Amino acid sequence: MLLFASVLVFTFLLLRARHKTVYAPRTFLPVLRDDEKAPPTTDGMFAWVKDFMQIPDDHVLTHQSLDQYLFLRFLKMITIMPAVGCLITWPLLFPINATGGEGQSGLNVVSISNIKNPNRFYAHAIAAWLFLGFVMFMITRETIYFVNLRQAFLMTPRNASRISSRTVLFTDVPDEYLNERAIRTVCSSVRRIWLATDCYKLAKIVKEREDAALKLEAAEIKLSRTATKERLKHKTPLSHSEGHDPQINGSCAAKWIKHSQRPTHRLRFFGKKMDSINWTRAILPGLIEAVQSAQNAHRNGEKRYIGAVFVEFETQRAAQTAFQLTAHELPLKMQARCIGVPPSQIVWQNLGMKSWRRMTRGIWATVIVATVIIFWSFPVAFVGLLSNIDYLTNKVPWLRFIDQMPEVFLGALKGLLPTIMLALLTMAVPVLLRRLAIMAGAVSQQEVELRTQSWFFAFQVIQVFLVTTFSSGASAVTTQIIQHPTSTPALLAQNLPKASNFYISYFILFGLASSSRMIFNFMGLLQYGVGGVLKKTPRQQYEHSINMSHLKWGSEYPKWTLLAVIAIAYSCIAPLVLGFATAGLGLIYLVSRYNSIYTLTTTTDTKGQAYGRAMQHLTVGVYLAEICLIGLFAIKIGEGAASIGPLLLMVILLIITALFHAVMCIALHPLTRTLPSSLLARAEESRYSSAVLEEGVIGYSYEGEITYHSSNGDSDRRVSGRKESIRPPSSHGDSIRPVSDQWNAEREYPNEDTTSNDSIIARVLNEEEEAEKAREVANNIIARSNTDRLASNSVNPGHTDQSTSENTMRTAPERRSPDMTEEDKDDSEIREMRISAAAKASAAEDAWLRPTAARHYRDTYRSVWSHSPNPSIAPLPTGSFFARFFRPNKFATYAHFQRKLEEGVFAQPVPMYAPEVARTAYYHPAISKQTPVLWFVRDQMGISDQEMRHSGRILKSLRSIEKYVSDGLFIPYHQNLSELESELKAEIESDADGRNGDAR
């Protein structure tokens, strides 16, 4: 095994610098933003190690994803746990076990099976209290760490500005609520609503259109390549008498190839052979028209609704509030199923599933999982028997031929083969569990992975750990049990610890074989080599070149959680396991750290919940360790009463562990799923008030675009490169509507108190007439505001509202600078109008009858203008290493992570969505899917130009790409065709070989 791992690592060191596409794609791939790329490393076999070790783990958090960072941290934690366990158990238990007097040999000398005097069990009970207590502390500490980091990460401006962060999915919505007006009566602060429709038929048509379009693209490229090859062979065109087809008379391709050489395919398996280009051109117009017609019908709400609604809220706080509240009075109706899930991770086929069907399928899925776990015991038990083949060969005569095998082969049979067989048996299980999770009604990939994680962990614990442990221990004493049935408990107590030898091999395999296999990345290297040959079209080559490996959390976490559970469970029974676990998991951590920084990407975003669930799964190891020790101590009671003391200590520890675990779950579990409203309110107020007061908002649009007027007299600047940009929060109002809609709202409620109209602030747009409307509305507001203020002062001469007087001074003409330009004066006037109106709105009473848009503007500007732009920030507490480690509630708080994250890229909102993207964000992909853009190749014979003209009558979106025939390199993707052609021409001119100038 050591030789095998060494060969793989040495090969990796040789290939790493040459094949960065496989071993360091995150350092250069153009599809990654600069803030997502890893820093480049020094070339050479070992020079890169220094660069790698200098990169902190936090780099993964700031340059990739929260899930990837927490997975890396999880591996670090389960490496630290057994390492600390060695420091606790080895000095205490090794001397006790080694001098136990039971006469064991080999590795069993330092296990609990070598203890003869029950009085020595007190040492094991004390070690269990110390180590298992430390494990429970680590689980609690990491859960607190995860909660605070998750809150700070999800509330950063970058994440809070995403549409998905403010969008909640409701399923099983009653028919009477399947319209926007009804949804807005249930939910406040709604911005957009997407009603899901039945897209089953549309999705099939879209798939047919995609397949036909891509078939046409592949056929056109194949035609050009075939003709180019023939031209290179013959140099002169074919005569018309040779294979000329009158139907393609005038075709450029017909000059070089026969009609039989044109691309063809069969309809179904044994159908008629068809010309691929002509066939696809014939069916595409009908498919395109059918898709467009169906898409328009879905957009217009003419198709059947399926009872699922996506609701985007104005703020993240409003979305979290809606997610946590009960929306409907009937059980299982209008349930908030998920929040913060992007459209690409929605399981669309399950959105229309009724609650009763989802519950029924969930029960059936659980039954199937339980059945799989039970019947999987037979092959896994056989693997456990192989690990103790010596005992079987001694008692079963016809198996003694195994003893005649060479030592190397026999060692592999007993140590390596069982572990490999066990790994192969478990590979197919996650695939089945994911299918069951989708069948059970999961509505997002996040839910699929989390369900798979729980089910697969249960499978791993029962099959890979418990069944293997007991089958291995029982097989060692099978004949003795048959001969002396009454001695069964004592024999099991003595021989079950021997099963730890199997897991020592298990840790060696995962430490050496798995780590070397992971860093060698054989599958990635194979795909890079074979994929470059099999990918024929530019599209396929492009997609192949930007593809990066990723992890599936549902199967990745349980695999390593099981190793930690085994180490914890055997910590006091066979403490030697802790040493091998530390070494093996340490290697896994280092390799995973390299892959996380340089090679991996994240496809399924669980918002860190997979990490929180994995930490709770570690408690299974604690319970198993305590139960096993209780069982072993109880068995020894028959040999003397001295075991009662250690037994009582372990029973007390089990009860305390269960109580502590229950309290921890009650206190922390809600915080692992949702975000607290208190932090959301403070984050929004601080973010928006600081951004606005630093420069001053003079207008914002319906899509969240903000125009600033700089305080130093610079010209206005419009923040246009942002997604949802800076947008004042609203905790009560409805969605922001255009000015015309706002006036309609006033007309709808003519009896509403006039103070609601005083807080209406018109949006300022680029158009002159819209600006005039805004000024007119604001002037009316100020006039009414001043009239009411003067009337109030005449009644109460001694009382002056502080906010009103302050803002009145701001609007005084004599306070303006005489050097201001007319444009600056206009901007200043608008800003002062807003200040005065906001001040009047703040002074108004909170007597509102309904959440109108007027109320929205009042609450918006009250929250924006009433806070200091430079709030005092208390310095973060400092302390020693032990203080920081044992006090996560003080040194790993939300404030600590917020300060840390908002120093970098997370402090800026994401780029603004295009209006069409924002409007169709949560449409079914089949509704928003456009006619595909085809990539053609350009050749010197004019074939591609002619084919593009013919195909362009059907598909208007075509792209021509020029490349050498003999050059098999990747063809990069360019939006601008002129840039691509310039680059390719430069390559042609610089080609040292002068390869005939033939284009591919």
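Read-outs: derived from the displayed coordinates by stated rules, not from any lab. Because the structure is predicted, anything quoted here is derived from the model rather than measured. Glycine gets a Cβ as well: all are built from the backbone with ideal geometry, and neighbour counts include every protein chain shown.
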>> Using square roots of five times the C-alpha gyration tensor eigenvalues, list the equivalent-ellipsoid semi-axes of the range 269-329 in whole Å, biggest first.
In response: 45, 14, 13
>> Rounded, prolate or oblate, given the Cα gyration tensor of the range 133-228, with a/c below 1.5 counting as rounded?
In response: oblate
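Among ILE80, ILE566, rank each residue by its count of other Cβ atoms within 10 Å, from fewest to most, as a rough exposure measure.
Working: ILE80 16, ILE566 26.
Placing the least packed residue first, the sequence is ILE80, ILE566.
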>> Could you give each residue of the range 910-919 its phi-based ³J(HN,Hα) in whole Hz, using Karplus coefficients 6.51, -1.76, 1.60 with θ = phi - 60°, and x for Gly or Pro?
In response: 6, x, 5, 5, 5, x, 5, 5, 5, 6
>> Please list, ordered by chain and number, the residues whose modelled amide H lies under 5 Å from the amide H of CYS338; skip anything fewer than 5 residues away on the same chain.
In response: LEU169
> Residue-wise, which Karplus ³J(HN,Hα) couplings in Hz belong to the range 10-25, taking 6.51 cos²θ - 1.76 cosθ + 1.60, θ = phi - 60°, and x for glycine or proline?
Replying inline: 5, 5, 4, 5, 6, 8, 4, 5, 7, 10, 6, 4, 8, 9, 7, x
>> For a quick check: with amide H placed at 1.01 Å from N, whose amide H comes under 5 Å from THR264's, ignoring anything fewer than 5 positions away on the same chain?
In response: SER276
>> Could you tell me which residue out of ILE78, ILE183, PRO56 lies farthest along the dipole of the range 29-186 toward its positive end? Charges go on the beta carbon: Lys and Arg +1, Asp and Glu -1, centred on the Cα centre.
In response: ILE78
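Once you've got the Cα coordinates, tell me which of LYS204/LYS303; LYS50/LYS900; LYS229/LYS255; LYS233/LYS255; LYS233/LYS535 are over 18 Å apart. It would help to have the intermediate numbers written out before the result.
Working: LYS204/LYS303 16 Å; LYS50/LYS900 25 Å; LYS229/LYS255 13 Å; LYS233/LYS255 13 Å; LYS233/LYS535 24 Å.
Distance filter (> 18 Å) returns LYS50/LYS900; LYS233/LYS535.
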>> Please rank ARG953, ARG191, fewest neighbouring Cβ atoms within 10 Å first, as an exposure proxy.
In response: ARG953, ARG191
>> Give me ILE288, ILE666 sorted ascending by neighbouring Cβ count inside 10 Å, so fewest comes first.
In response: ILE666, ILE288
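With N set to the number of residues, divide the alpha-carbon radius of gyration of the range 1-94 by 2.2 N^0.38 Å and report two decimals.
Details: Rg = 17.5 Å, N = 94, 2.2 N^0.38 = 12.4 Å.
Here the answer is 1.42, to two decimals.
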> Under 5 Å between amide H atoms, partner at least 5 residues away or on a different chain: which partners does HIS550 have, H built in plane at 1.01 Å?
Replying inline: THR601
> Based on the mean of other beta carbon atoms within 10 Å per residue, what is the order of 652-658, 539-545, most packed first?
Replying inline: 539-545, 652-658
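Can you quote the Å³ per residue value for the convex hull of the Cα atoms in the range 16-147, rounded to an integer? Before the final figure, lay out each step's value.
On the way: hull volume 20.9 nm³, N = 132.
Cα convex hull per residue, to the nearest whole number: 158 Å³.
Quick check on packing: order 528-536, 143-151, 432-440 by the mean number of other C-beta atoms within 10 Å, highest mean leading. Don't skip to the end; give the middle numbers.
Numbers: 528-536: 13.2, 143-151: 21.9, 432-440: 20.1.
Top of the packing list down: 143-151, 432-440, 528-536.
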>> I'd like the Karplus ³J(HN,Hα) series for the range 563-579: coefficients 6.51, -1.76, 1.60, θ = phi - 60°, whole numbers in Hz, and an x wherever there's a Gly or Pro.
In response: 4, 5, 5, 4, 4, 5, 5, 9, 4, 9, 8, 9, x, 4, 4, 4, x
